[in-house]
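These notes concern the structure reproduced below.
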Amino acid sequence: MQSTGDKYDLAEPDLKSFTRSSIKTKVMLTLLEGGKTASDLERIMDTRASTILHSIKSLIDGNLVEKRRQEYILTSIGRIQALILDDLVNTIVTINENHDFWLSHDMSAIPLELQKRIGMLGSGEMIRDSPETPLRSLEYFIDTLSQCREIQGVSPVLVTGYDRMISEIVTAGVQVELILTNAVIMAMASEQKVMLNELLLQENFRLFCIDDIKISFTVTESFLNLGLCRHDGSYDLGMDLIYTGKKAIEWGKMLYRHYRRSSQQLKQI
């Protein structure tokens, strides 16, 4: 079995080729969208054709790009490398945009496969409480949920008004699936057992229980609301990330399915 160092040595020439040339990287990423002529690349990249063609020659020599008629396209190997580059660039952009959030929160609740694909989230909006608006993130969350048609949520915490809000949106016909910790379900049942059992009779509501978790998120047809625990284990109610877009929602649904597989459906409390 090759060591990490040995594998790096084998990949080093290609890695350095891209990290030393932004033009090569941009050409590869642009060609992911489909074949392009030299004039197309010049217009899209806003770079002189002579500079682009110099990099393309190197990519052709490396069997990453080929020319068909007047267009340059990625080879099968080039496409694989371009996809990996695209993932890497998207991941760096996603993390850097909300660097403090990712650094100060525990990411262990996100499975490794989805951590690798975190670039799918893209650009997000930080919803943060402040001394002047201590409930801003919660109010934003409740307001946005009331406008959705389909909701899948996971939570280890119970916030004031959450059970009433869920009852209202289920009654309004929204499709709702919730995965809650045993502790949260017990807390809700102690106050609203009758209401919970009435909800469980509705065709558009399903409830699942799970052991203790370190993440809270909601994914709908239009957005992903993501919250995490701090490194000390406490859940951060005052800071959420909101992501929109097809890929972010797809990522959120994959995360939901991960927890769905580890949960148990409840028919009655």
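With 0.36 nm allotted per residue and the present C-alpha distance subtracted, the Ile95-Arg79 stretch has 3.3 nm of extension available.
Near Gln152, once Lys and Arg are set to +1 and Asp and Glu to -1 for all other residues with Cβ below 13 Å from its Cβ, the sum equals +1. Using 0.36 nm per residue and subtracting the Cα-Cα separation, the extra length available between Asn182 and Ser50 on full extension is 41.1 nm. Residues of the range 24-39 falling in the label zone of Gln70, defined by backbone nitrogen less than 14 Å from a point 7 Å along Cα to beta-carbon, are 36-39.
Sort the range 172-232 into rounded, prolate or oblate with this rule: let a ≥ b ≥ c be the square roots of the eigenvalues of the Cα gyration tensor; rounded if a/c is under 1.5, and if a/c is not under 1.5, prolate when a/b is larger than b/c, oblate otherwise. Please report the intermediate quantities before stating the final value.
On the way: a/c = 2.70, a/b = 1.22, b/c = 2.20.
Judged from the Cα gyration tensor, the range 172-232 comes out oblate (a/c at least 1.5, b/c at or above a/b).
For the pair Lys57 and Thr144, what calculated FRET efficiency results from E = 1/(1 + (r/R0)^6), where r is the Cβ-Cβ distance and R0 = 51 Å, to the nearest 0.05? That pair, Thr144 with Lys57, gives E of 0.50.
The apolar share of the surface of the chain, taken as the fraction of accessible area on carbon and sulfur atoms (1.4 Å probe, ligands and nucleic acids excluded), comes to 52 percent.
In units of the compact-protein estimate 2.2 N^0.38 Å, the range 16-124 shows a Cα radius of gyration of 1.25. Taking label positions 7 Å along the Cα-Cβ direction at both Tyr8 and Val159, the computed distance is 4.3 nm, reported to one decimal. All other residues whose Cβ lies under 11 angstrom from that of Ser104 are scored, Lys and Arg at +1 and Asp and Glu at -1, for a net of -3.
For Cα extents along the principal axes in Å, the candidate list reads (1) 62, 37, 34; (2) 53, 37, 36; (3) 72, 42, 40; the entry that matches the value derived from this model is (3). Near Val184: Cβ cut-off under 12 Å, other residues only, Lys/Arg at +1 and Asp/Glu at -1. The net charge is -4.
Please compute one quarter of the surface area of the Cα convex hull for the range 26-73 and express it in square nanometres.
Details: hull surface 11.4 nm².
Mean projected area for the range 26-73: 2.8 nm², to one decimal.
Sequence-distant contacts, meaning Cα pairs under 8 Å at least 6 residues apart, place the relative contact order of the range 1-115 at 22 percent. Reported to the nearest whole Å, the Cα centre-to-centre distance from the range 232-269 to the range 154-168 is 14.
Tell me, what is the per residue accessible area of the range 153-222 in Å², probe radius 1.4 Å?
Solvent-accessible surface per residue comes out at 47 Å².
Dividing the summed helix terms, -39500 (n - 2.57) for each DSSP H run of n ≥ 4, by the number of residues in the chain produces a 222 nm estimate of -15500 deg cm²/dmol to the nearest 500. Estimated at the nearest 10 Å², the accessible area of Tyr162 is 20 Å² with a 1.4 Å probe.
The values are calculated or read from the model by the stated rules, or taken from the named source; none is laboratory data. This one's a predicted model, so the numbers in the text were calculated from it and none came from an experiment. Cβ atoms come from the backbone with ideal geometry, glycine included; neighbour counts cover every protein chain shown. Just the protein is used for accessible areas: all its heavy atoms, side chains included, with ligands, DNA and RNA removed. Shrake-Rupley method; radii C 1.70, N 1.55, O 1.52, S 1.80 Å.
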